[in-house]
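Trainee: Below you'll find the structure I mean.
Read the figures in this text as sums done on the coordinates, not as results from a lab. Since the model is a prediction, treat every value here as computed from it, not as a measurement. As a convention, Cβ positions derive from the backbone with ideal geometry for all residues, glycine included, and neighbour counts pool all protein chains shown.
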Amino acid sequence: MATTELNVTNGTITVSPAGGATISAGANASSTLTLSGTQTQINAALATVSYQGNLNVNGDDTLTIVSSDSTGTPLTDSDTVDITVTAVADAPV
């Protein structure tokens with residue numbers, strides 16, 4: 001079984017585990033979650049990742065992805081994706 005941890009600082013991430021992967025740590029709509037399953041199942045879930053910036057936050061964020069394969073000698077890979085959140089003018093209250 002493989003795992004992939006997703007982490008952001010200034011927002012939340014959501015995935016669809018419809019392909020068979022499970023969320024084994026953290027939760028959807030949170031800043032950190034870990035997917036478990038086969039490589040195919042995890043890839044299907046990763047294809048559905050969405051990001052929502054925190055309220056009134058704009059600027060830069062980073063999605064950090066750490067993947068581990070527990071077959072044989074465990075292998076780990078870490079990647080990052082830069083995210084730019086654009087400011088919007090909120091409607092007056």
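Trainee: Size of the dipole of the chain about the Cα centre, Lys and Arg at +1 and Asp and Glu at -1 on the beta carbon, nothing else charged, in debye to 20?
Mentor: On the way: 0 positive and 8 negative charges, 55 e Å.
The dipole of the chain has a size of about 260 debye.
Trainee: Where Rh is the Kirkwood radius over the Cα pairs of the chain, the temperature 10 °C and the viscosity 1.306 mPa s, what D in µm²/s does Stokes-Einstein return? Don't jump to the answer; show the numbers that get you there.
Mentor: Details: Rh = 14.0 Å.
So the translational diffusion coefficient is about 113 µm²/s.
Trainee: Considering the options V15, N58, A89, tell which one lies farthest towards the positive end of the dipole of the chain, charges being +1 on Lys and Arg and -1 on Asp and Glu at the Cβ, about the Cα centre.
Mentor: V15
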